[in-house]
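The values are calculated or read from the model by the stated rules, or taken from the named source; none is laboratory data. No experiment lies behind these values; they were computed from the predicted model shown. Cβ placement follows ideal geometry from the backbone for every residue including glycine, while neighbour counts extend to all protein chains displayed. The area values use the complete protein model at the heavy-atom level, side chains included, leaving out ligands, DNA and RNA. Shrake-Rupley method; radii C 1.70, N 1.55, O 1.52, S 1.80 Å.
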Amino acid sequence: MRPIRAASLGTATALAALIACAPVTSAAADAGSAHGKSHGKGQGRVITLIGRLAEQTRYPVNPGGVPAAQGDRTVVRSDLYDLDDNLVGETGGHCTTTRVANGGAEECVVTYTLPGGQITVQGMLFGFLNPGPAPSFDNAITGGTGEFDRARGSVHADTIGVGVRRFTITLR
């Protein structure tokens, strides 16, 4: 398969690929730190970060990537910023299209790298092929390293601009 760069894709397709892999966020902040908005420590801790798409490549099953097909893959990397616009980490991950009917569905696996360690996230993204703004989604935190060893919880993502998402990480 030959990769297709996001810049060469149509707006809807590029935005769809961004949405699919944008579970781009992590938790690395203690209450009061500059790494994000954090409430509390350990269980019940909530961290808010902003993810900005840095790189994205699609590996389509069909030549030219049109139409979208089951098995299409997207690889993404985003930079993570705290609410004061300080760079605090990055994400890297991949998504695989599992359904193209009814707006499409992708299964994504993403790792968030932050000063205190890494957080792994996995889940489904629905409706990424629909025109318009990228849909919000919730994914599961499946583990972590360092400060986030044995992490559990969820990540909620909202699109707040082209290539920009707000991530709310809830650690349980």
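Segment 60-107 to segment 116-172: how many Å between their Cα centroids?
If we compute the Cα centre of each part, the gap is 12 Å.
Whole percent per 5 Å bin, from 0 to the bin with the longest distance: what is P(r) over all C-alpha pairs of segment 72-172?
3, 12, 20, 27, 20, 11, 5, 2, 0
What's the magnitude of the charge dipole for segment 37-172 around its Cα centre, counting Lys and Arg as +1 and Asp and Glu as -1 at the beta-carbon? Answer in Debye, nearest 20.
Details: 13 positive and 13 negative charges, 60 e Å.
Around 280 debye, computed over segment 37-172.
Can you pull the one-decimal nm distance between simple spin-label points at R152 and D84, each 7 Å off the Cα toward Cβ?
With each label placed 7 Å out from Cα toward Cβ, I get 3.3 nm.
Grab the beta carbon distance between R52 and S136, set R0 = 22 Å, and tell me the FRET efficiency rounded to 0.05.
Values: r = 17 Å, r/R0 = 0.78.
Efficiency, from the Cβ-Cβ distance: 0.80.
Computed FRET efficiency, Cβ-Cβ of R172 and Q70, R0 30 Å: what is it to the nearest 0.05? Please report the intermediate quantities before stating the final value.
Working: r = 33 Å, r/R0 = 1.10.
Once rounded, the FRET efficiency stands at 0.35.
Between R77 and A101, what FRET efficiency follows from the Cβ-Cβ distance if R0 is 45 Å, with the result rounded to 0.05? Could you put the intermediate results ahead of the total?
Details: r = 29 Å, r/R0 = 0.64.
Here the calculated transfer efficiency is 0.95.
Whole number in Å², please: accessible area per residue of segment 105-161, 1.4 Å probe, ligands, DNA and RNA not counted. Provide the component values of the computation, followed by the final result.
Details: 2480 Å² over 57 residues.
Here the per-residue accessible area is 44 Å².
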